[in-house]
Amino acid sequence: MKILVINAGSSSLKYQLIEMPSENVVCTGLVERIGLEKGNITHKTSKDKIELKLAIPNHKTGLEKVTELLLDSKTGVIKDANEIDIVSHRVVHGGSSFASTTIITQEVKDKIKELFSLAPLHNPANLEGIEVTEAIFANAKQVAVFDTAFHQSLPERAYRYAIPAKFLEEDKIRAYGFHGTSHKYVSKEAIKLLNKENTKIISIHLGNGCSISAIENGKSIDTSLGFGPMNGLVMGTRSGDIDQSVITYLMTNKGYTISEINNILQKQSGMLGLTGYSDLRDIEEQAEKGNKACVLALEISTYRIKKFIGAYAAIMNGIDAIIFTAGIGENSDVIRSLVCKNMKYLGIELNEEKNSIRSKEAREIQSDNSKVNIYIIPTNEEIEIAKQSYRLLS
């Protein structure tokens, strides 16, 4: 069975063609910097690696280019679109409607659309991916795997907001959490590495979108993202936590509309608002050159992560391991170093030499004296999505 996994982020698109149940990865690809002036596409097979630089204005354009690469007469991996049995989609927000992997129907698409306002950078791209692939791979089953599903284990004390009960009962307003597929995959890998029965893990997913989760014995018990994927950590263009009074002030004193404020907090804030750059590679490069705004942005971002680590250590009464994962978590030794600095009280001590080594393998980077294991575990949401889709339809 051939499963094409589509994983659309806010400014990127990852994909893998996977043969199941062998989990043989036929090809992988990454579309980066969607919506920016210059985009990148990297497409890899066992024989070829293709790199393209071109403008990618939206996810639709990116998916169309991916399809061309899959079907290319010389370097493609399929000869006909009908070879694809399942197209599996990562969908960010499932609200209260979806707690498990689901076959996509018109009703499911309508529900995903209803949740646009809660995940405006993601659910529209997810739905676009579904509709584009429905047209291209007409005979394939379309499956949705929801980012919110892993966090269904949150206890009520963690997911409930201190607002009138009617908003939970009538409108299902609560914390849902996101990046669940990633947190689930890397925490399972960490449990294998720890090789112990009871585990207390903090998983730190850092990309253009960021989140941190407390995972006890394989179950998510708290997470930084909530009702929508905007609060918690500082992200590429999203603000993370902000005092609600700022929103009412902007409305009543400065005349901003709700729509304008939402756009500011979702698309103009975070690292972009602090520095003028949304891509961490640009920010680190500028920081090395002495750009004070970029230096400060790195400090603000990692300071916020450290606060969450402390909070989650408190609610779990200890930590066995912390995990760095996703594009920034896996690749930025600068961020990892700043996060782990001055954390000896919690038993977190980094080995800077190990931290600086570039590798695509899961690895430990703590010092010999560290009481907490520090892991870099490359996330593989695509394999996790393929597994869940195969189990659903096999």
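Please treat every number below as a calculation from the coordinates, not as lab data. None of the values given here were measured: they were computed from a predicted structure. Here the Cβ positions follow ideal geometry from the backbone for every residue, glycine too, while neighbour counts run over all protein chains shown.
Numerical summary
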item: Cα Rg over Rh - segment 125-280, Kirkwood; result: 1.03
item: Residue-span extension gain [THR105 to LEU193] - 0.36 nm each, minus C-alpha spacing; result: 27.8 nm
item: Hull-based mean projected area of segment 11-61, where the convex hull spans the alpha carbons, in square nanometres; result: 3.7 nm²
item: Loop-resident sites, segment 279-374, for GluC sites (Glu not before Pro), counting at most 11 other Cβ within 10 Å (DSSP); result: GLU361
item: Label point distance in nm, LEU168-ASN139, each placed 7 Å from Cα along Cα→Cβ; result: 5.0 nm
item: Nearest-0.05 FRET efficiency for TYR303 and ARG157, computed from C-beta distance (R0 25 Å); result: 0.45
item: Longest to shortest principal axis, alpha-carbon extents of segment 29-87, angstrom; result: 34, 23, 16
item: MRE, 222 nm, helices only [DSSP H, n ≥ 4, -39500 (n - 2.57), over the chain, to nearest 500]; result: -11500 deg cm²/dmol
item: Residues ILE261 and LEU71, FRET efficiency given R0 of 41 Å [Cβ-Cβ distance, rounded to 0.05]; result: 0.40
item: Reachable lysines from LYS387, criterion Cα separation under 16 angstrom, eight or more residues apart if same chain; result: LYS2, LYS141, LYS184, LYS188
item: Counting all C-alpha pairs of segment 2-146, share separated by more than 25 Å (%); result: 25 percent
item: Label-point separation in nm, ILE315 to GLU64, each point 7 Å along Cα→Cβ; result: 4.4 nm
item: Debye intensity ratio in log₁₀ form over the Cα atoms of the chain, taken at each q of 0.12 Å⁻¹; result: -0.97
item: Pairwise label distance in nanometres, SER97 with GLU37, each label 7 Å out on the Cα-Cβ vector; result: 4.0 nm
